[in-house]
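First up is the structure itself, then whatever we jot down about it.
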Amino acid sequence: MATVLLVRHGRSTANTSGVLAGRTPGVRLDETGEEQTRRTAERIAAVPLAALVSSPQERCRQTAKAIAAGHPDRPRIAGERGLAECDYGEWQGRPIRELAKEKLWATVQRQPSAAVFPGGESMVAMWHRAVEAVRRHDAAVEAEHGPGAVWVAVSHGDIIKAVLADALGMHLDLFQRVNVDPASVSIIQYTPDRPYVLASNTHAGDLSWLKRPAAKKARRSGAVVGGGAGPTSAS
């Protein structure tokens, strides 16, 4: 019953220039992205962290460093290749406006399970390795720190959308219905029964309700019929 905060990196120079960054080295946060990340770090500082894991891409490492620097626990950042950006192959580095004219673009939008990027990976492969990485780290965090432990995974838009889709029981072909903005926080709590998506694509709001004493008591009996009273009922 650990809980993961899925954090997308702040806005990058590639986002503002309309280019598909992929795994291109040297793509960093722009000024807006740095400010977004600072605000996200302030939100997360209220929650004790058992671990901080990041995609190896520089923009995610920057975001993770901001979270670590602003947190009283000063968590160590662990790299995780399973959280890396999708390998877009020959699409990497190309303008989005050009890619939108490609036949594959429609497949990515309507049937992503059939999409394979030329010279890169399939979206199914991306989905599987991202979900595996998050669930593996979540199990390790709970085993080491116990129920109620909270940890952070910093990654990319499509990666987080895929993990949320899995937690929601959605087929990958529906994952484009999920939105994940730069520096947003989404929250999943994994339990023996099922994952619970506690929040998605949040930009503001107090996260102190995730402190461990309350989280330890939550979700032990499954979903509350009728909806329950919210997180304050577990404090």
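Looking at (1) within 30 Å of Pro48 (Cα to Cα); (2) surrounded by 18 or more Cβ atoms within 10 Å (Cβ to Cβ); (3) in contact with a helix residue (DSSP H, G or I) (Cβ under 8 Å, 6 or more places away or on another chain), which is the only condition Glu142 fails? (3) is the only condition that Glu142 fails.
When segment 1-51 is filtered for residues that are of a type in the set (Val, Ile, Thr) and surrounded by 20 or more Cβ atoms within 10 Å (Cβ to Cβ), the ones remaining, listed by number, are Thr3, Val4, Val7, Val19, Val27, Thr37, Thr40, Ile44, Val47.
Arg61 fulfils the conditions (1) in a loop (DSSP other than H, G, I, E, B); (2) surrounded by fewer than 20 Cβ atoms within 10 Å (Cβ to Cβ); (3) touching a Ser or Thr at 6+ places or on another chain (Cβ under 9 Å) except for a single criterion, (1). Which one is farthest from Pro95 (Cα to Cα) among residues in segment 1-16 that are in contact (Cβ under 8 Å) with a residue 40 or more places away in the chain and not hydrophobic (A, V, I, L, M, F, W, C)? Only one residue tops the list, namely Thr3.
Summed over segment 32-45, residues that are under 13 Å from Val152 (Cα atoms) and in contact (Cβ under 8 Å) with a residue 60 or more places away in the chain total 3. Counting only residues that are in a loop (DSSP other than H, G, I, E, B) and closer than 17 Å to Gln57 by Cβ, segment 146-180 holds 2 of them.
Only the coordinates and a few stated rules stand behind these numbers; no lab work does. Nothing here was measured: the structure is a model prediction, and the numbers come from that model. A quick note on method: Cβ atoms are made from the backbone with ideal geometry, for glycine too, and the neighbour counts reach across all protein chains shown.
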